[in-house]
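Asks: I am attaching a structure below and will ask some questions about it afterwards.
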Amino acid sequence: MKSYCAYTDEIDDLEKGVKELSEGIERSKLRKNSLGLVFTDYDIDMEELTKRLSEEFDFPVIGGTTLASINKEAGLRQLGIQITVFTADDVRFSAGIITDIDGNGDADKVRRLYRELSEGEKEKPKIIFTLAATVGQAWNGFTSDEIVEILDEESGGCPVLGGAASGDFSYLKMRAFCGSRVSASGVAVALIYGNLKPLFVAENSTRKMVNLSWKITKGEGRQVSELDGCSVKEKFREAGLVPEGDTEVTEFLTSPFLCNLSTKDGDTIEVLRGILYLDHKKDLALYLGTIEEGAYLTPGIMDMESIEESVRDALTNLSEKIKEEKNYHYESVFIISCLARYCLFVADKQIEARQIPGKFEDDVTVSGFYSMGEFCPQIGLKNGKYHNVFNNETFVAIAL
């Protein structure tokens, strides 16, 4: 499967911007079936953008907002629009969107969308690409973890890749779209069928771990209220995670916790869980992803050195996997990284992008975006099987 990437800085004149994207794609080389992935700055007229994209391209286009995009040629870019077009004769695409995640039967909506998109297909998809926009109160009760779980169940374990849209730090400008339909609280899905052998790596970059670990003795969903049988607030204070004087709410941005989760088949996976805040009065910590009682939380330290080293190793690992495959030619690498990592790049915003050049052949397109959480399978610790999971603060790379 071939892919092409184009980028424009033009976000005010969208007629001009979409024309530049179209001109940047080698349209004459597109094959029988194509899919576009578009990631755009959040401060833009999304309705006009999606309308113009739908008029310009005669194939499915899905995407959403992002704090920054990334590609091999230009590195990390802000305040623009990027499109990656995947195209092949022996691959098929089916795309759609739920626009009304509202706390009313949301799980059933995801199931119905998958079934509608897969209707008539005699085989499972090779990849499910998913993008969620998570604005609104409904997401307090319906999580990104559930999206991954439902798609995993419906597809029989097909790899679920993608993430949550990002935007400004009010978290109110996130959007996902498919065609001309845009949603602030929705889920866009693309099923990809055919001749594919996807490869993926996921790197949490926590080479430095705090020398302590707590057992979750009371918690549910995304909330933790007791660690080792003690107050979560006091445990955080003892570990120096709460600034002196904080008595109401302590907010966090780049504070990853390594957490072990159980799978339905008895395996165990390790994922990062980013924390949103500690509520002192309620004595509970709210995480971005689900946790479970009995699991262990280990605070991690993510710094520039760890990120640079781990991303370099991850891309080298993926490159080596590509070279080992003799019966399939990989021409696309798609990257998803977390905006919490981006926020650490104070001195060097290109630290992840700078690891890309030289890792892949010249004909391999490399592109991606910064998310509010990453969908990518992780390898189980017991049986070595891949399990679909919602990750936080993780660097993901997929070869197609």
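The values are calculated or read from the model by the stated rules, or taken from the named source; none is laboratory data. Quantities reported herein were computed from a predicted structural model and do not represent experimental measurements. Glycine gets a Cβ as well: all are built from the backbone with ideal geometry, and neighbour counts include every protein chain shown. Each accessible area value is taken on the protein alone, full model and side chains, heavy atoms only, with ligands, DNA and RNA left out. Shrake-Rupley method; radii C 1.70, N 1.55, O 1.52, S 1.80 Å.
Asks: Angle check, please: helix 14-24 long axis (alpha carbons) against the longest principal axis of the chain (alpha carbons), in degrees 0 to 90, nearest 10.
Replies: Computed tilt is about 70 degrees.
Asks: Would you calculate the convex hull of the Cα atoms in the range 310-378 and tell me its volume per residue in Å³?
Replies: Numbers: hull volume 7.0 nm³, N = 69.
Value for the range 310-378: 102 Å³ per residue.
Asks: How much solvent-accessible surface does Val389 expose, in Å² to the nearest 10, with a 1.4 Å probe and all protein chains in place?
Replies: Rounded to the nearest 10, the figure is 10 Å².
Asks: Express in nm, to one decimal, how much length is gained between Ser180 and Asn211 on full extension, taking 0.36 nm for each residue of separation and deducting their alpha carbon distance. Before the final figure, lay out each step's value.
Replies: Numbers: separation 31, 0.36 × 31 = 11.16 nm, distance 4.99 nm.
In short, 6.2 nm is gained.
Asks: Quick one, can you get me the convex hull of the C-alpha atoms of the range 165-214 expressed as volume per residue in Å³?
Replies: On the way: hull volume 10.0 nm³, N = 50.
So the per-residue Cα hull volume is 200 Å³.
Asks: Let me ask something else. Using a Cα distance threshold of under 22 Å, what count of lysine pairs results for the range 290-400 when pairs must be 8 or more residues apart or interchain? Please list the in-between numbers first.
Replies: Details: Lys321/Lys359; Lys321/Lys382; Lys321/Lys385; Lys323/Lys359; Lys323/Lys385; Lys326/Lys359; Lys349/Lys359.
Qualifying lysine pairs in the range 290-400: 7.
Asks: Evaluate the distance, in nm, between pseudo-label points positioned 7 Å from the Cα of Lys218 and of Glu244 along their respective Cα→Cβ axes.
Replies: Between Lys218 and Glu244, the simple spin-label model gives 2.9 nm.
Asks: Angle, helix 304-324 long axis vs. longest principal axis of the chain, Cα atoms, 0 to 90°, nearest 10?
Replies: 50 degrees
Asks: Let me ask something else about it. May I ask you to list the trypsin sites (Lys or Arg not before Pro) in the range 208-264 that are in a DSSP loop and have at most 12 other Cβ atoms within 10 Å of their Cβ?
Replies: Details: sites: Lys208, Lys215, Lys218, Arg222, Lys233, Lys235, Arg237, Lys264; in loops: Arg222, Lys264.
Sparse-neighbourhood loop trypsin sites (Lys or Arg not before Pro): Lys264.
Asks: With a cap of 13 neighbouring Cβ atoms within 10 Å, and only residues DSSP puts in a loop, list the trypsin sites (Lys or Arg not before Pro) found in the range 287-356. Write down the numbers at each step before the final one.
Replies: Working: sites: Arg312, Lys321, Lys323, Lys326, Arg341, Lys349, Arg354; in loops: Lys326, Lys349.
The qualifying sites are Lys326.
Asks: Specify the angular offset, from 0 to 90 degrees and rounded to the nearest 10, of the alpha carbon long axis of helix 106-118 from the longest principal axis of the alpha carbons in the chain.
Replies: So the helix axis and the longest Cα principal axis differ by about 30 degrees.
Asks: Using the structure shown, select from Lys51/Lys173; Lys109/Lys233; Lys109/Lys264 the pairs with a Cα to Cα distance greater than 30 angstrom.
Replies: On the way: Lys51/Lys173 18 Å; Lys109/Lys233 37 Å; Lys109/Lys264 23 Å.
Violating the 30 Å Cα-Cα cut-off are Lys109/Lys233.
Asks: Take the Cα coordinates of the chain, assign each an equal point scatterer, and use the Debye formula without solvent to give log10 I(q)/I(0) at q = 0.08 Å⁻¹.
Replies: Once normalised to I(0) and log-transformed, intensities are -0.40.
Asks: Just grab the label-to-label distance for Arg31 and Asn383, each label 7 Å out from Cα along the Cβ direction, in nm (one decimal).
Replies: So the two model labels end up 3.3 nm from each other.
Asks: So which residue, out of Pro377, Pro198, Pro125, gets the largest mean-square fluctuation from a GNM of the chain using Cα contacts under 10 Å as springs?
Replies: Looking only at Pro377, Pro198, Pro125, the biggest GNM fluctuation is shown by Pro198.
Asks: Same structure again: Which residue, Gly229, Gly368, Gly80, tops the fluctuation ranking in a GNM of the chain built on C-alpha contacts under 10 Å?
Replies: Result for the chain, Cα springs under 10 Å: Gly229 fluctuates most.
Asks: Give me the extension gain from Phe169 to Glu48: residue separation times 0.36 nm, minus the current Cα-Cα distance, reported in nm with one decimal.
Replies: Working: separation 121, 0.36 × 121 = 43.56 nm, distance 2.33 nm.
Result: 41.2 nm gained on full extension.
Asks: Another question, if that's okay. For the chain, with only Lys/Arg (+1) and Asp/Glu (-1) charged at the beta-carbon, what is the dipole magnitude about the Cα centre, in debye rounded to 20?
Replies: On the way: 45 positive and 67 negative charges, 179 e Å.
Using Cβ point charges on Lys, Arg, Asp and Glu, the chain gives about 860 debye.
Asks: Are there GluC sites (Glu not before Pro) in the range 334-396 that DSSP marks as loop and that have at most 11 other Cβ atoms within 10 Å, and which are they? All intermediate terms of the calculation are to be shown ahead of the outcome.
Replies: Values: sites: Glu352, Glu361, Glu374, Glu393; in loops: Glu352, Glu361, Glu393.
The qualifying sites are Glu361.
Asks: When Lys and Arg each count +1 and Asp and Glu each count -1, what net charge do the other residues less than 11 Å away from Asn391, Cβ to Cβ, add up to?
Replies: Working: positive: Arg273; negative: Asp145, Glu203, Glu270, Glu374, Glu393.
With Lys, Arg at +1 and Asp, Glu at -1, the net is -4.
Asks: Quick one: check the C-alpha center-to-center distance for the range 193-241 versus the range 54-104, whole angstrom.
Replies: 30 Å
Asks: When only alpha-carbon atoms count, how far does the range 221-354 stretch along each of its three principal axes, as whole angstroms with the largest first?
Replies: 57, 44, 18
Asks: For a Förster distance of 25 Å, can you work out the FRET efficiency between the beta-carbons of Asp348 and Leu253, rounded to the nearest 0.05?
Replies: On the way: r = 18 Å, r/R0 = 0.72.
With R0 = 25 Å, the Cβ-Cβ based efficiency is 0.90.
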